[in-house]
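Every number here is computed from the coordinates shown, using simple stated rules; none is lab data. Every value quoted in this text rests on a predicted model; they were computed, and no experiment measured them. Neighbour counts run over all protein chains shown; Cβ positions are idealised from the backbone, glycine included.
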Amino acid sequence: MKKLSILLVTGALLSPFWMSTASAQFAKPEDAIKYRQSAFVVLASQFGRMQPTLKGQVPYDAVAIKANVALVQTLSTLPWSAFGSGTQGNSSAKPEVWSDAAGFKAAQTKFEGAVVKLSAAADAGDLDKLRAAFGDVGASCKACHDSYRVKK
């Protein structure tokens, strides 16, 4: 019991440090915007690397696809922390990202779920399942862009 108490007190004392470190990550709204835009660019690039295989333009290499999907899965978690309050700034994010936070979170969850299914399809090594899962990820991207991104 004494160890648990010490652990809880230590955690309580250190939590402001952890929270301030996370919030200091984006000292200015422009930092958050730049971060999330960069994360989306790298994510889109990695996602796009699979298209030639899925279109039949290059031979299917299950190992390469699994590596690409693993990176997509990691990258898919990055941009969301940069959509905090006060980070609207000059970006292509619509105000609805913040005014409809629940809808935006639902779109994020749908996207992340589609990426998990893409990963399962890559692990299975079934090209047809991979194509379907890839299409679902793309559709979730488009749906979010349609609702929460200014068209250019």
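For the range 46-63, a residue qualifies if it is surrounded by fewer than 12 Cβ atoms within 10 Å (Cβ to Cβ) and among the polar types (S, T, N, Q), and exactly one does: 57. If the condition is being among the aromatic types (Phe, Trp, Tyr) and farther than 15 Å from residue 79 by Cβ, then the range 94-152 contributes only 134.
Looking only at the range 119-150, filter to residues that are under 25 Å from residue 106 (Cβ atoms) and among the acidic types (Asp, Glu); which one of those is surrounded by the fewest Cβ atoms within 10 Å (Cβ to Cβ)? The residue in question is 146. Residue pairs whose Cβ atoms lie under 7 Å apart, separated by 6 or more positions or on different chains, with the first residue in the range 65-92 and under 20 Å from residue 52 (Cβ atoms) and the second of a type outside the set (Gly, Ala, Ser) and part of a loop (DSSP other than H, G, I, E, B), are 65/50; 68/49; 68/50. Taking residue 58 as the residue in question, decide whether it is β-branched (Val, Ile, Thr) and within 20 Å of residue 144 (Cβ to Cβ). Taking the combined requirement at face value, the residue does not satisfy it. Filtering the range 118-133 to residues that are closer than 15 Å to residue 68 by Cβ and not in a helix (DSSP H, G or I) leaves only 125.
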